[in-house]
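Read the structure below first, then the notes.
The values are calculated or read from the model by the stated rules, or taken from the named source; none is laboratory data. Keep in mind it's a predicted model, so treat the numbers as computed, not measured. Here Cβ is always computed from backbone atoms with ideal geometry, including for glycine, and neighbour counts include all displayed protein chains. For accessibility, only protein heavy atoms count, side chains too; no ligands or nucleic acids. Shrake-Rupley method; radii C 1.70, N 1.55, O 1.52, S 1.80 Å.
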Amino acid sequence: MAGTLYVGGVGVGPLPPLGPFLDPVAGVWSVARSATLPQELSGSIPGLTGEVEVVYDRRGVPHIWASTTEDAVRALGFVVARDRLFQLELQSRAPEGTLTELVGSAALRLDRRQRRLGFLWSAERELGQLDPESHTAKLLSAYSEGVNAWIDAMGASDLPFEYHLLHATPRRWELLHSMLLNKRMGYTLAYDPQELWRPTVEALVGKPAADALFPLNNPIVQPIQPNASPEPRFDFAELPPPAEASPDAARIAMLAEQMLPPDAAGRSGAARASNNWAVSPARTANGNALLSNDPHLELTLPSIWYEAHLSVPGQMDVYGVTIPGLPGVIIGFTRNVAWGFTNAGADVLDFYRETLDDDEAPTRYLLDGDWRELERRVELYRDPDGHVIATDTVNYTHRGPVRPTDDGPVSMRWTVLDQPISSSTFADAFDASNVEEWLAAMASYPGPAQNMIVADRSGSIAIRSTGLYPVRPDNGDGRVVRDGSSSANDWQGYWAAEDYPGAINPAQGFLASANQQPFDPALGKPYLGANWPSPWRAMRINQLLAADSRVTPEAMRLYHTDPGNVKADLFVPVFLDAARGRDDLAEARRLLKEWDRRYTKDNERAILFELAMNELNFRTFDELFLPDGRRLAARPGQSVMAGLLRFPESPWWDDRRTTDRIESRDDVLAASLKAALELAKRRYGDPTAGGWRWSEVRHNNVNHILGLPSLSRRGLSVQGGSGNLNPSSGSGSFGASWRMVVELAPELRAWATYPGGQSGNPASPWYANRIEQWVAGELDDVLFPQDRGDLAGDDVAGVLTLRAGAR
């Protein structure tokens, strides 16, 4: 029996021998004995100041009743460890760069990347600067005490099966690990090094063309901060013609590959899609504010989220989801306020060309004419037995880590390495009684920058893009590598919170974000970012909200999986027009015209459109192929392509690979549609035989965190596609990681789910019990009891009583 071990979706090597793993007493089968929660359970946590009662409801959600905030957080650490211990360790080791200590040398490449990005250096520096008497330190310490109390109390049958598989034992949780997890979220949400891949594009087509293909402002304007227009504005302009490729293009591309991770978001055209929106009482059926959120992240078993309710009389009463490893609720609601996030996508990362005193063994770097000492850090990588298997030396300037390249050393300044963990900020926000107080509490949130939407019981709604936004010299563009020998090129500080994009109670009666550009470019605001995602989802949610003046919670739920697609509405007509009157495209045109442009599971024509769009991208931007001819240096956004449609004779339509003719727009559209039909038939068979059905060709995949196929849920047919509010594209491993609708009524009501279950134990009934519901777009009624006695009967699955234990 053999297989491949995956960590975070990346294959790192063969599975270890399975003999001890299959031992019926101490191996994997023992976890079945702890899969079901007893009706009554007790435990102890050193440091508890009073008894804590944890009531698990019928959905496996722990409701924690404590007398102090720190006791509630201790209990949260305990229950998260009980349900998700291996996940805690894996996702803290990943940014720490110590996966080799768990899985061996196969993870060395991943570990080296994380150490060279400076996560461990940054977290250790942050820990050293943390005031032990601060609120943040107390929360982190309390959480650690809870996790470690569970580790100390575990029996053999409680050990997660992944440890059996890897012949490993759990390590103790430290404050550092929570800080590392915070850095890892920054990597997921805020690492888009555009200045590293843009030089390749400029070498291939020239700087004016590169600036237009990957523009400062999106040409389709539907901003997060509402402007004067309820409709999107199209600021299309003709693209400058492509220049001839530079003779240095191959060398420049090779330099980019030395620095870029394979999944760099901007170059691939990928975006971490999320949606949130809120509706004022005047536009809802019940006269209460409504709020919804569905952050789209990697889909895993167990889920990235863990649902919990923390109640401390007079201090805290909050419900929502936490990320295992962080001491508090991230997205959720209190009795008075509800909130949700989407990623802001701001540019919070810069690179600097450094001058070092020695190419081989540098000790100093040049700054303002003086030599400064580098901070030198030796990174040791160990195997599971503790043996050193590799060593790196990473140098740091005052900006951050230095990477050697064939074109000279480059340092990195990144808010993720600067920003502290923000646990106390969230804790302060839990006290807010209205939108204004919540925004004030979250103003100090450092990042990764988020579009924060919030609503309260009085009927106010608001949104603000919040985080540390660098102020660059002369409010300059962040997409260039700067001269590191001058401090004048350093950041000058950060934006003031009052300058953040946002709105409160807009006249239109609703707010929405879907990762689109926050500001209308016409406002002339300072540089915040560039190459913004195409705003198809933002346009669709604004359409839906504008069309309904009596929105209900049920309508909000349906929006999550709405099959309408603005992109298809824009592009399908031009494909049809280009194919009109052509005998060789009669069948393709007829099939595409049959489609209603809705990504329902039973539609049989969306795949033709998707393949045609992919062909259109490669055939139009042939100038961006790397010198090896196998892939594009970067993919322009589809909103840029939409603008190009306005100019049918643009030189961009000409395919340089054909020397006997000059192609026009309709030539390329027709060729793309023809090729798409041929490909669809080869892959999926006859278009009338059922093989083109969306449920057959496009799926979501919720993978176990080690990639074990039998413990994953793959091939899930969902409603939605590329550009939909419920996007399904590529590998299908990203999607709505949490769906939530909240009605801010006098007695708050909420509905929610996520793709997975509360337990990380595959033998547990709460391992993947929500998958079917999530696929169907359904939501659970959330239980949010005000008092312990409000949970009773069938709503209670078990009770855990925690008392103080010896330190």
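General observations
- Per-peptide packing, taken as the mean over residues of other Cβ atoms within 10 Å, places 174-181, 541-548 in the sequence 174-181, 541-548 from highest down.
- Summing Lys and Arg as +1 and Asp and Glu as -1 over all other residues whose Cβ lies under 10 Å from the Cβ of Phe647 gives a net charge of 0.
- Per-residue ³J(HN,Hα) for the stretch 743-752, Karplus 6.51 cos²θ - 1.76 cosθ + 1.60, θ = phi - 60°, Hz, x for Gly and Pro: 9, 8, 7, x, 10, 4, 10, 8, 9, 6
- Shown here for the stretch 527-630: trypsin sites (Lys or Arg not before Pro) in loop regions (DSSP other than H, G, I, E, B) with at most 15 other Cβ atoms within 10 Å, namely Arg550, Arg580, Arg582, Arg630.
- GluC sites (Glu not before Pro) within the stretch 708-807, DSSP loop, no more than 16 other Cβ atoms inside 10 Å: Glu747, Glu778
- Distance between the modelled labels on Glu772 and Arg803, one decimal in nanometres: 4.1 nm (7 Å Cα→Cβ projection).
- Sites Arg382 and Arg714, calculated FRET efficiency, Cβ-Cβ separation with R0 30 Å, nearest 0.05: 0.35
- Three semi-axes of the equivalent ellipsoid, the chain, Cα gyration tensor, whole Å, largest first: 41, 33, 28
- Anisotropy class of the stretch 513-575 from Cα gyration tensor, a/c 1.5 cut: oblate
- Dividing the mean sequence gap of close Cα pairs (under 8 Å, 6+ apart) by how many residues the chain holds gives a relative contact order of 21 percent.
- DSSP-loop GluC sites (Glu not before Pro) across the stretch 519-626, with at most 14 other Cβ within 10 angstrom: Glu594
- Computed E for Ser229/Arg749 - FRET, C-beta separation, R0 35 angstrom, nearest 0.05: 0.55
- Packing-based ranking of 466-472, 388-394 yields 466-472, 388-394, ordered from highest to lowest mean Cβ neighbour count within 10 Å.
- Solvent-accessible area per residue for the chain (1.4 angstrom probe, square angstrom): 37
- Heavy-atom accessible surface of the chain: percent carbon and sulfur, 1.4 Å: 49
- A helix-only calculation puts the chain at -9000 deg cm²/dmol for mean residue ellipticity at 222 nm, using -39500 (n - 2.57) for each DSSP H run of at least four residues, averaged over all residues.
- If you sort the three axes of the alpha carbon gyration tensor as a ≥ b ≥ c, you get a/c of 1.5 or more for the stretch 104-162 and a/b no higher than b/c, which makes it oblate.
- Filter on Lys593/Lys674; Lys601/Lys674; Lys183/Lys525; Lys207/Lys674 - keep pairs with C-alpha separation over 21 Å: Lys601/Lys674; Lys183/Lys525; Lys207/Lys674
- Whether the stretch 278-328 is rounded, prolate or oblate, judged on the alpha carbon gyration tensor where a/c under 1.5 counts as rounded: oblate
- 11 Å beta-carbon shell around Ser733, net charge (K/R +1, D/E -1): 0
- Here the stretch 612-641 is scanned for amide nitrogen atoms under 16 Å from the site 7 Å beyond the Cα of Ala243 along Cα-to-Cβ, giving 623-624.
- In plain terms, the chain from Glu678 to Asp357 could stretch by 109.7 nm, reckoned as 0.36 nm per residue minus the Cα-Cα distance.
- One decimal place: the segment Thr405-Ser485 gains 27.1 nm when fully extended, by the rule 0.36 nm per residue minus the C-alpha distance.
- Difference of contour (0.36 nm per residue) and Cα-Cα distance, Asp795 to Glu554: 84.5 nm
- At least 20 Å along the helix axis (C-alpha) and Kyte average at least -1.0, DSSP helices within the chain: 69-96, 135-153, 175-190, 566-579, 606-620, 665-684
- FRET efficiency estimate (nearest 0.05) - Cβ-Cβ, Asp781 to Ser733, R0 35 angstrom: 0.75
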